[in-house]
Amino acid sequence: MIQVTRLGRHFAARITGVDLSKPLDDDTFEQVRKAFFDNEVVVFPGQKLTPAQQIAFTQRFGTLEHHVRKEAQLADHPEIFILSNKLNANGKAIGAQDAGRFWHSDLSYKTQPSLLSALYAVEIPVKDGKPLGDTHFASTTAAYAALPEAMKQKLASLKNIHSYRDYRLKNYAAQQEDERRGIRTVQEHAPTPEQLASVPDMATPVVRVHPVTGRKGLFVNEGHTSHMYGMPEAEGDALLRQLYDHIIQPEFIYSHHWAPGDLLMWDNVAVQHKATFDYDPLPRLLYRTTVRGPAVADSMVLQ
Ligand SMILES: [Fe+2]
């Protein structure tokens with residue numbers, strides 16, 4: 001029997017009493033699955049997982065993605081996306097360092113956005129006894145539920161554009177700006193024309209019904225949303241800013257302080273997240289697997 005302890009006000013929980021390095025029987029897996037979708041973010045502390053074991057557990061939730069950034073994939077395990085500020089022997093980044101600079105939901109720009117992500121902490125920086133590099137999560141379902149009825153009605157028919165191209169260019173520009181200001185960054189590979197062209201823009205409903213729980217949430221995020229669809233730019237940008245600010249109010253946030261051995265999973269439909277860059281040059285290494293979700297109802301490919 002697993003133990004589930006709520007961590008945040010509206011969401012997030014710790015799950016103990018399960019060893020994810022071993023295959024789970026169907027009953028235990030169903031308990032884990034239910035606790036995960038009920039709580040939107042769950043952490044399994046103290047796990048000892050090989051990449052193959054992380055892959056075996058997370059792929060029980062669905063098909064695993066191979067990230068478009070092949071340079072950040074783990075050798076022999078393309079399902080694992082490396083998040084790290086470490087360099088290889090040639091001085092190149094071994095993974096993505098600055099993923100998560102903006103509030104976002106993983107792969108929300110894809111025709112089939114991610115259902116969930118799992119991040120396994122291999123190496124966590126510590127300073128003065130405190131872990132650095134917290135990850136913040138915000139529940140878009142709790143944020144939606146708290147909206148005034150008139151706003152819910154206004155949003156019901158609106159779409160926003162999720163754009164991988166705009167995101168990569170924005171992220172890269174922000175990193176170049178850091179470099180100019182003298183902030184050390186592990187040099188991210190410049191987005192290639194092939195990468196930018198490989199993912200078309202998507203027009204996606206602002207209010208998304210969760211494919212598993214049926215809960216409604218706000219499917220807009222400052223990392224991947226480029227603009228509102230079919231709305232004058234200034235009006236659309238003001239609405240997006242209002243929604244972003246609403247979603248990241250303290251009552252909708254859970255901040256995770258990492259420990260090595262944590263396997264943290266989050267629901268990319270129900271929450272969005274943001275990284276903290278307070279640790280460099282202390283080394284940090286995490287392995288991510290990402291489960292593909294269904295296409296978003298009423299979404300459209302734009303290119
Ligand atoms: Fe992310």
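Bear in mind that the values in this text are calculations on the coordinates, not laboratory data. Bear in mind the structure is a predicted one, so any value in this text is a computation, not a measurement. Every residue, glycine as well, gets a Cβ built from its backbone with ideal geometry; the counts of neighbours run over all protein chains shown.
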In Å, what is the Rg of the alpha-carbon atoms in the chain, and how long is Dmax?
-> 18.7, 57
Computed log₁₀ I(q)/I(0) - Debye formula, equal Cα scatterers, no solvent, segment 43-88, q 0.14 Å⁻¹ | -0.39
DSSP loop (so not H, G, I, E, B), at most 13 other Cβ within 10 Å: list which trypsin sites (Lys or Arg not before Pro) in segment 50-93 pass both filters.
-> Lys92
Dimensionless Rg ratio for segment 101-146, taking C-alpha atoms and the 2.2 N^0.38 Å reference | 1.55
Listed with the fewest Cβ neighbours within 10 Å leading, Lys152, Lys170 appear as Lys152, Lys170
Tell me, Kirkwood radius of segment 23-166 from alpha-carbon pair distances, in Å?
-> 18.2
In whole angstrom, note down how far apart the Cα centers of segment 64-86 and segment 139-179 are.
-> 25
Given the rule -39500 (n - 2.57) for each run of at least 4 DSSP H residues, summed and divided by the residues of the chain, what is its mean residue ellipticity at 222 nm, to the nearest 500 deg cm²/dmol?
-> -7000 deg cm²/dmol
Separation in nanometres of the label points that stand 7 Å from Cα toward Cβ, at Ser255 and Asp25 | 4.1
Figure the gain on full extension for His227 and Ala174 (residue separation times 0.36 nm, minus the Cα-Cα span) and round it to one decimal in nm.
-> 17.2 nm
Using the 10 angstrom Cβ neighbour count as an exposure proxy, how do Arg180, Arg14, Arg9 rank, fewest first?
-> Arg180, Arg9, Arg14
Per GNM of the chain with C-alpha springs under 10 angstrom, the most fluctuating residue out of Glu177, Glu251, Glu79 is Glu177
Past the 20 Å Cα-Cα mark, which pairs from Lys34/Lys152; Lys110/Lys152; Lys110/Lys159?
-> Lys34/Lys152; Lys110/Lys152
Quick one: among Asn39, Asn88, Asn160, which has the greatest mean-square fluctuation in a GNM of the chain with alpha-carbon springs under 10 angstrom?
-> Asn88
Under the definition of Cα pairs under 8 Å and six or more residues apart, what whole-number percent is the relative contact order of segment 3-294?
-> 35
Do the alpha carbons of any pairs in Lys22/Lys70; Lys86/Lys127; Lys170/Lys274; Lys86/Lys274 sit beyond 22 Å of each other, and which pairs?
-> Lys22/Lys70
Excluding residues on the same chain fewer than 8 positions from Lys48, give the aspartates and glutamates whose Cα lies under 12 Å from its Cα.
-> Asp19, Asp262
